[in-house]
Each structure stands twice: as structure tokens, then as C-alpha cells.
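Engineer: One structure follows; several queries about it will come next.
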């Protein structure tokens, strides 16, 4: 039986497995190694992953995404209440006080627990693995953010049981990244020598995690971990959405905030624009046809403007970096390398801030998206 490593992210999921030729990241039925963490429930069926993401505009009230951080949280939790107005689907208070998700499925109003929704996603990832490996998959190792509490971790474990998976263990994202880095390094110091200290910076779609690990041949020790659970790529998307909502209100007299479908379309375009700005300094256009009331809208943005709009979020990058250095009791000179992973680390101003703080260029030897999943399947050999 193969043990798969499953990285269940806030926005996307990756599956990796160790095979005779090395570690392989498994592709889904769309030949895509990235499966969106989306579940869409309809009158006749449910779709998960790429197909579900395609339903977001037509079936937005019943297409669920961004639910990872609701695990183990009560409905009255300040984070849940803060997210509620931003979501196109409805949250519901369960009898236990926990958060549930209310949708219309098979022509009935239903409330699912967060564990059930995550289990639907895990079932899909299990099927994807089985289809690629041509054999049953039961054993897995799953990643969780380093800031997840015991209640949140137990909730994730419950999801794996519902999905028919046997989760051997939950591994912190940053630990998995450290494993992915160290396992193939041939030039690590011997156990008697001074260890090599490496900083891992993981800035994903919804959270920011930093850790320092000390490496010797055959040995990895996590020295310190710090995080900002509410800083991620989506904060930068939201800044763009807010900017264009105001611009379109002034130029086209459109109240975008009142139209959930328009907000979703704008969010998709802003995410694309953010990615393009990471590679271009010039003015970049945003064009959406038949946006609202059959009106076509256009706008533009460049990297300098974008950085000005995001100044408050960019300022938050330094605090976890400082915390991790203080915890580890290392000086910056004792850091061998700074490895960055996670999609949001592609934003140039974030890379610059990390580089400036440590006084050295950041390293991108790891696959920014797949590093966690690849590290997870290495845990089985420890």
C-alpha cells in the first residue's frame, strides 16, 4: 500500500507519493498537479476541485471554498464572524456551537459540518491518487499550519476518517518543507560538525509561517517557529478588489459590493492581475465584459501603485521573521540560507523585505507550490 502526502491548502491541494524513481506529485484528471480546494453542490450532483471552481459564478451560493480555517472553531469565534460577510455561501451555527455550512443540495436545504466538507475534498484527492497509482490508497500524511490548535487538528483527523483515509500523522507545513529541503542534500555537515541553519518562509494564500531548522547528515531539528495566521496572498487580492470597487463606483456608478457574482468575477481578475504584476513593472489593464448591468469595465494598475496600496500588509512581513530569530537565539550571520515557498512569496516587494531583513538573497531551490506535499511523503521513511 502506498502512503501519500496530502497538502490541503486554503486555496489549492497537492498530492505526492514516493515511488521507485523518486517523489512524484500526482496530476488530476485535468493533468493538473494542483487541485483547487473547492466543493460545489448542485441539484443533481456534487463536483470537487477544478470542476467545482468552474461553478463559482453560476452556482455561487452552493460553491464552498476557503473553509480550511473553520476547522475546530465555534460559530461565534471572531475569525468566523469576520469571514462571514465576505463569503458567497451561508454559515450556520450547529447544535454543538461549531460552524456549519448551509447549502441547497439535491433540491433540499442541508447543513454540513466543516469536517464533512473537507471529507468530500479528501475523498476526491483519494480517488485522484488511486487513479494514478492503480491501487487502493488508505494511508496518508496530511499537512496542517503550525498555528493550528489541538481542536483544529482533531477536526482535520475526523475529516480523514469520514473520507475513509487512515491518517498516520499530521505534520506542520514548515516541518514538511524542511524535510523536502534536507532529504536530497548531499553536502550537509556530519553529526559532529556545527549544524547548517536554514530559514523557511512560507507565505501562502491565507497565512504566513516562518521556521528555522538545523541540519546535519541524517538529522533535522526545528529550532523555532513563528507565524501571522491572517496574512497571506488573499489580503493583497482584497486590496485590489477594494480599489477597483471604488474606481468602478466613481467611473461607472456601479455598486459592486451589492452584487456577489460581480465581486467573485472581480476577485478572479484581481488575482490574475496580482500575478502579472509580479513579473511586470509597467501599467497592466483589467478588462471585464458585461460586468454589471451589461456594462463593460476597464481599469489599470502598476506595481508601484500596488505596493503603496498594500503598505500595511507589507509592514507585517517583518514581525514573524524577528520572532523566529529571537526564539532560535541565533544571529543573522549564523543563517546559511533563506528558502521561500508559497505562492505569495512571488510578490517582488515581499522577497525584497525578507532579503533585506536577513541580509542575503532569498533562495528558491524548492518548488514553491509542491514543497509541502513532497516533504509529507518523506515522513513515512523516518
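Engineer: Averaging over every viewing direction, what projected area does the convex hull of the Cα atoms of the stretch 88-215 cover, in nm²?
Structural biologist: Averaged projected area of the stretch 88-215's Cα convex hull equals 11.4 nm².
Engineer: If you don't mind, there's one more thing I want to ask. For a quick check, take a GNM of the chain with Cα springs below 10 Å and name the residue from 363, 267, 43 with the largest mean-square fluctuation.
Structural biologist: Taking springs between Cα atoms under 10 Å, the residue moving most is 43.
Engineer: Between residue 27 and residue 230, 0.36 nm times their residue separation minus their Cα-Cα distance comes to what?
Structural biologist: Fully extending the segment from residue 27 to residue 230 adds 70.1 nm.
Engineer: With runs of 4+ DSSP H residues as the only contributors, calculate the mean residue ellipticity of the chain at 222 nm using -39,500 (n - 2.57) per run, divided by the residue total and rounded to the nearest 500.
Structural biologist: It comes out at -10500 deg cm²/dmol, rounded to the nearest 500.
Engineer: Something else now. How would you rank 337-348, 19-30, 237-248, 131-142, highest first, on the average number of other Cβ atoms within 10 Å across their residues?
Structural biologist: Taking the mean over residues of other Cβ atoms within 10 Å, the ranking is 337-348, 237-248, 131-142, 19-30.
Engineer: With an 8 Å Cα cut-off and a minimum separation of 6 or more residues, compute the relative contact order for the stretch 233-312 in percent.
Structural biologist: Relative CO of the stretch 233-312 lands at 27 percent.
Engineer: Which of 120, 277 has the fewest other C-beta atoms within 10 Å, and how do the rest follow up to the most?
Structural biologist: By the 10 Å Cβ count, ascending: 120, 277.
Engineer: Two decimals is fine: what is log10 I(q)/I(0) at q = 0.15, 0.21, 0.22, 0.25 Å⁻¹ for the stretch 233-312, from a Debye sum with one equal scatterer on every Cα and no solvent?
Structural biologist: Taking Cα atoms of the stretch 233-312 as identical point scatterers yields -0.48, -0.94, -1.02, -1.28.
Engineer: Calculate, for residue 279 and residue 95, the FRET efficiency according to 1/(1 + (r/R0)^6) with r their C-beta to C-beta distance and R0 51 Å; round to the nearest 0.05.
Structural biologist: 0.55
Engineer: With N denoting the number of residues in the stretch 149-245, provide Rg(C-alpha) divided by 2.2 N^0.38 Å, to two decimal places.
Structural biologist: Output field value: 1.41.
Engineer: Next up: Test of understanding: what is the full-extension gain from residue 102 to residue 243, defined as 0.36 nm times their sequence separation minus their Cα-Cα distance?
Structural biologist: Here the segment from residue 102 to residue 243 would lengthen by 47.7 nm.
Engineer: Could you work out the Kirkwood radius for the stretch 1-76, taking every pair of different alpha carbons, averaging 1/r and inverting it, reported in Å?
Structural biologist: 14.0 Å
Engineer: Using just the Cα positions, wrap the chain in a convex hull and report its mean projected area in square nanometres, one decimal place.
Structural biologist: For the chain, the mean projected area of the Cα convex hull comes to 20.1 nm².
Engineer: Based on the mean of other Cβ atoms within 10 Å per residue, sort peptides 283-295, 208-220 so the most packed one is first.
Structural biologist: Final packing ranking: 208-220, 283-295.
Engineer: Mind checking which of 226, 323, 37 has the largest fluctuation in a GNM of the chain, springs on alpha carbons under 10 Å?
Structural biologist: Largest GNM mean-square fluctuation: 323.
Engineer: Still on this structure, please answer the following. Go through 8-15, 302-309 and give me the packing order, highest mean Cβ count within 10 Å leading.
Structural biologist: Taking the mean over residues of other Cβ atoms within 10 Å, the ranking is 8-15, 302-309.
Engineer: For a quick check: sort 6, 354 by the number of other beta carbons within 10 angstrom, fewest at the front.
Structural biologist: 354, 6
Values in this text are rule-based calculations from the coordinates and carry no lab data. Only a predicted model underlies this, so the values are computations on that prediction, with no experimental measurement involved. Heads up, the Cβs are rebuilt from the backbone with ideal geometry, glycines too, and the neighbour counts pull from every protein chain shown.
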